[in-house]
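A short write-up of the structure that comes next.
Laboratory data are not the source of any read-out in this text; all were calculated from the coordinates shown. These numbers were taken from a predicted model, which means no experiment stands behind them. So basically every Cβ, Gly included, is an ideal-geometry build from the backbone, and we count neighbours across all protein chains shown.
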Protein chains: 2
Amino acid sequence: MRKINTHDFKVATRTTSREINRRIALNLIREHQPISRADLARRMSVTRGVASMLVQELIAQGLIYEGATGEVARGRKPTFLHIRTRDRLAVAVDVRFSKTYLMLSDFSGRQLALEIYDTVFAIPQFVKDLARRVRRMLKTQGAEGNCEGIGVAVPGMVDHRTGRILNAPTLGWRDVDMRDQLAAATGLPVQVENSGRACSLAHLWLERDAAAATQSFVYISVSDGVGIGVVVGGELMRGHDHIAGEFGHMPLSLDGPRCMCGMTGCWEAYISNLATLSRYFGWNLSKLSPKALHEAGRGSFTMPDLVARARGGDVKANAAIQSTARFLGLGLATIINVINPDCIYLAGEITTAWDLIEGTTREALSERALTSSAARTPVRVAAAQEHTRLRGAAALIAAPTFAAPRVA
Amino acid sequence: MRKINTHDFKVATRTTSREINRRIALNLIREHQPISRADLARRMSVTRGVASMLVQELIAQGLIYEGATGEVARGRKPTFLHIRTRDRLAVAVDVRFSKTYLMLSDFSGRQLALEIYDTVFAIPQFVKDLARRVRRMLKTQGAEGNCEGIGVAVPGMVDHRTGRILNAPTLGWRDVDMRDQLAAATGLPVQVENSGRACSLAHLWLERDAAAATQSFVYISVSDGVGIGVVVGGELMRGHDHIAGEFGHMPLSLDGPRCMCGMTGCWEAYISNLATLSRYFGWNLSKLSPKALHEAGRGSFTMPDLVARARGGDVKANAAIQSTARFLGLGLATIINVINPDCIYLAGEITTAWDLIEGTTREALSERALTSSAARTPVRVAAAQEHTRLRGAAALIAAPTFAAPRVA
DNA sequence: CTATATTGTTCCAACTCCGAACAAATACCG
DNA sequence: CGGTATTTGTTCGGAGTTGGAACAATATAG
């Protein structure tokens with residue numbers, strides 16, 4: 001039961017019903033392709049006449065196409081309908097501290113080309129260089145006419161509406177108008193989003209697996225930091241100041257270990273890869289400056305190494321991981337009590353040890369979950385897709401085609 | 001950008017546009033009454049012809065009525081339209097440990113009758129007794145035909161869809177089918193909701209003050225426990241297991257004081273009235289059993305007494321309150337980082353000392369807020385309306401009349 | 001070849017917004 | 001006092017939409 005916003009509403013016109021139904025049809029075709037007009041009509045509970053009209057328009061718009069005819073026991077054979085994704089393309093960009101990832105993707109998230117290069121930190125140069133690489137990639141792939149935009153995922157705070165990067169401490173970027181600069185340099189529409197959120201968008205819009213068909217979940221990626229996207233009712237929570245979902249910096253204990261953000265006791269300071277490694281090596285992070293913390297995380301010994309040692313029988317390594325698992329579960333419990341999603345998806349290096357830690361995590365989670373049903377909230381390791389962030393960046397461009405029309 | 005739920009969608013029919021626009025018109029009339037048809041048409045950006053038709057239907061449905069004619073400089077005088085709320089009634093029930101509150105209210109939340117009596121804990125008797133009182137109240141108020149339902153606010157977990165009370169520890173109620181029992185006994189539609197959420201609904205649907213016109217806020221009521229309602233995009237977050245928004249039991253420090261819920265370090269254990277009082281009296285709550293904790297909160301010395309002492313110059317009283325203020329701010333910071341609402345509304349006895357604690361609270365909040373704009377999130381003391389919970393219970397019945405139609 | 005079944009199209013009725021014309025009501029002005 | 005201008009509210013035809021039914025197209029079974 002939603003209250004209508006009397007300061008920002010949308011009146012229905014005589015074409016609104018069509019727009020709504022066309023969009024529903026498009027989504028049903030996307031989910032059940034290949035599907036016939038008659039099947040579509042049944043699923044929508046409309047007459048075949050209406051479904052035919054909707055299909056005709058979707059074909060005219062180039063959103064779907066007719067494929068082969070199907071086989072049925074009796075009667076006229078149906079013509080199957082398919083979503084047109086193969087030749088609708090987006091450029092996805094994932095900017096990280098060490099490398100920048102550049103992918104050409106179709107609207108289903110399939111990778112067509114990939115380029116990885118050292119990140120350029122000076123903004124004008126970054127934009128100029130990126131624009132050049134995008135042009136070249138589109139040209140060599142023969143995709144110049146089909147690319148509908150550029151999606152950019154950035155590790156930091158982003159105002160998605162304006163496309164401004166407010167603060168990306170890892171990259172040293174503050175208040176950068178990425179969208180307009182990149183759009184001007186390439187002539188393509190640009191969307192910018194935080195990388196944790198981008199991952200959740202990849203899951204929401206591009207995950208094919210039927211088990212992923214939930215409209216309400218929290219996507220948590222644990223690595224150097226903790227990236228989170230909260231999806232409620234099929235919509236990503238963004239918040240008034242674009243920081244909604246920042247569970248990484250909720251306290252587990254106010255006087256806990258120092259966090260890279262400058263505060264103490266943040267969840268991130270308990271479960272990040274650096275936190276786990278420092279438990280193993282006995283580092284005292286609280287005595288380090290925020291800057292020194294950044295450096296400490298860039299050593300040569302990584303989480304996969306630690307997991308390998310734990311599997312190899314290293315008791316101390318296992319203890320460090322189990323400790324992280326416990327704090328992970330305690331934090332998850334709060335997320336469950338507060339957002340109460342259908343499901344939680346977990347990503348990051350720690351998930352390679354999921355078989356080792358699931359029990360500990362679930363036990364800690366159950367300790368602080370408010371009800372037994374909440375304690376049973378599924379925690380799934382996110383499908384081991386490659387380049388989730390890049391897929392999320394692509395989703396920024398692809399999603400508007402399929403999203404529900406704004407109404408009332 | 002919302003993803004369409006392909007398993008639960010609503011196709012647009014040929015009457016959908018009208019339904020949408022009728023509902024928009026109704027809300028605009030509600031907000032700007034008295035208002036003419038011509039004015040309504042301008043606000044909606046439709047022709048006067050359309051607005052006239054919408055108004056005609058709303059009048060036929062008995063949702064609005066024509067009032068006096070207005071004055072204009074030139075031309076034909078407009079006929080003003082008004083929302084019909086005076087003779088549309090709801091019964092609101094607020095069940096607390098000591099007393100049960102019963103109110104007859106109109107659809108604007110105005111109180112027409114109030115009855116307070118000792119809470120009956122045996123369910124069948126509670127229902128029978130309540131039904132009798134409701135019948136009597138409707139009869140003595142001459143409102144038998146106009147009452148459109150009963151809204152019930154309960155301190156505990158409620159499945160709003162089925163109207164089941166899952167667990168109300170204060171009352172000792174578990175898995176009670178309140179809705180169907182009460183509906184059977186009274187013949188009226190019944191809606192049940194958690195009392196913290198009910199307060200947020202009162203604010204969302206019945207608050208007249210224009211300053212309250214935000215679609216995204218968190219309502220926090222601090223008393224024996226911490227009741228919270230999270231409203232995002234004009235919609236109350238309920239969650240998969242009906243516990244969304246339970247910030248009261250997020251940890252500030254895992255090894256903090258014992259909470260009534262059985263866990264330790266919950267925010268509630270730092271800021272509830274009992275927590276504040278126990279700081280003043282030097283009680284050690286951690287050594288008490290959950291049951292003993294319940295008892296401790298029912299003493300004769302209350303928060304208003306403590307606030308009075310603080311104002312009178314009692315240094316220890318002030319210290320106890322300031323300590324609570326600090327923990328309040330630290331918890332608010334996490335809520336802001338996680339939900340990032342437009343605004344936070346605060347209610348409960350502690351707000352009588354708001355002038356004493358605002359500075360401390362804001363300071364603590366700023367310490368842990370992730371951005372400077374987040375740190376500036378307005379924290380307002382909820383309008384000192386009487387019986388907010390009862391108004392919320394009434395809103396459960398009144399709101400569906402004004403809510404946005406479900407589409408796509 | 002006929003009966004049956006299914007798909008997809010076409011047509012009209014009912015309902016909607018949209019634009020314009022029209023009637024009603026009022027103030028202003030000569 | 002009457003005409004003009006202005007605003008409100010209604011009415012009517014046009015175009016876009018769903019809903020229902022008839023129809024054409026296509027295939028199988030016997």
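Data overview
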| quantity | calculated |
| --- | --- |
| Rounded to 5, percent antiparallel among DSSP beta bridges of region A:116-221 | 55 |
| Of all DSSP beta bridges in chain B, antiparallel share, percent nearest 5 | 65 |
| For region B:40-96, radius of gyration divided by Kirkwood radius, i.e. Rg to Rh on alpha-carbons | 1.16 |
| Angle between chain B longest axis and helix B:354-368 axis [Cα atoms, degrees, rounded to 10] | 90 |
| Amide hydrogen neighbours beyond the local backbone of B:LYS10, cut-off 5 Å, H modeled | B:ALA408 |
| FRET E, pair B:THR352, B:LYS139, Förster distance 51 Å, beta-carbon r, rounded to 0.05 | 0.85 |
| Contact order normalised by residue count of chain B, Cα under 8 Å, 6+ apart, percent | 16 |
| Cα-Cα pairs of region B:180-252 separated by more than 14 Å (percent) | 65 |
| Rg over Rh [alpha-carbon atoms, Kirkwood Rh] for region A:211-279 | 1.05 |
| Mean shadow area of region B:96-224 over all directions, Cα convex hull, nm² | 8.3 |
| Signed unit charges on C-beta, dipole axis of chain B, positive-most listed residue B:GLY248, B:SER36, B:LEU206 | B:SER36 |
| Pair B:LEU114, A:GLU367: separation of 7 Å Cα→Cβ label points (nm) | 4.5 |
| Globularity index of region A:23-165, i.e. its alpha-carbon radius of gyration over 2.2 N^0.38 Å | 1.40 |
| Where GluC sites (Glu not before Pro) in DSSP loops with at most 12 other Cβ within 10 Å are excluded, longest remaining stretch of chain A | A:145-385 |
| Using a 7 Å Cα-to-Cβ projection, B:TYR117 label spacings across copies, nm, ascending | 7.9 |
| Contour minus Cα-Cα distance for A:GLU31 and A:PHE281 (0.36 nm per residue) | 85.2 nm |
| Per principal axis, descending, Cα span of region A:296-358 in whole Å | 36, 24, 16 |
| Separation of the B:GLN56 and A:HIS82 label points, Cα + 7 Å toward Cβ, nm | 5.1 |
| Distance between region A:377-408 and region A:171-210 - C-alpha centres, whole angstrom | 12 |
| Dimensions in Å of region B:72-119 - Rg and Dmax from alpha carbons | 18.6, 61 |
| Pseudo-label separations to other copies for B:ARG18 - Cα-to-Cβ vector, 7 Å, nm | 2.0 |
| Residues of region A:208-247 with amide N under 17 Å of a point placed 7 Å along Cα→Cβ from B:THR6 | A:208-216, A:234-235 |
| Ascending count of other beta-carbon atoms within 10 Å, so fewest first, for A:CYS199, A:CYS261 | A:CYS261, A:CYS199 |
| Charge dipole (debye, nearest 20) of the protein assembly as shown; +1 at Cβ of Lys and Arg, -1 at Cβ of Asp and Glu | 2060 |
| Cβ charges +1 (Lys, Arg) and -1 (Asp, Glu), total dipole of chain A, debye | 1040 |
| Inter-site label distance for A:THR13 and B:ALA319 at 7 Å from Cα along Cβ, in nm | 6.8 |
| Helix-derived mean residue ellipticity, 222 nm - over chain B, DSSP H n ≥ 4, -39500 (n - 2.57), to 500 | -12000 deg cm²/dmol |
| Farthest toward positive dipole pole in the protein assembly as shown [+1 Lys/Arg, -1 Asp/Glu at C-beta], among A:LEU114, B:TYR65, A:MET303 | B:TYR65 |
| Per-copy distances of the B:GLY75 label point, shortest first, in nm (7 angstrom along Cα→Cβ) | 5.7 |
| Cα gyration tensor of region A:253-408 - equivalent ellipsoid semi-axes, whole Å, descending | 29, 21, 18 |
| Sorted by Cβ neighbour density within 10 Å, fewest at the top, the residues B:VAL91, B:VAL154, B:VAL307 | B:VAL307, B:VAL154, B:VAL91 |
| In Å, descending, principal axis extents of the Cα set of region A:1-98 | 55, 46, 26 |
| Long-range tail of P(r) for region B:72-155 (Cα pairs > 15 Å, %) | 61 |
| Beta bridges per DSSP with both ends in the protein assembly as shown, % antiparallel, nearest 5 | 65 |
| Computed Kirkwood radius, in angstrom, where 1/r is averaged over Cα pairs of the protein assembly as shown | 29.0 |
| Volume per residue that the Cα convex hull of region B:166-222 spans, once the total is divided by residue count, Å³ | 118 |
| Averaged over A:372-378, number of beta-carbon atoms from partner chains that fall within 10 Å | 3 |
| Rh by Kirkwood over Cα pairs, then Stokes-Einstein D for chain A at 0.890 mPa s and 25 °C, µm²/s | 106 |
| Rg(Cα) / (2.2 N^0.38 Å) computed for region B:360-408, rounded to two decimals | 1.82 |
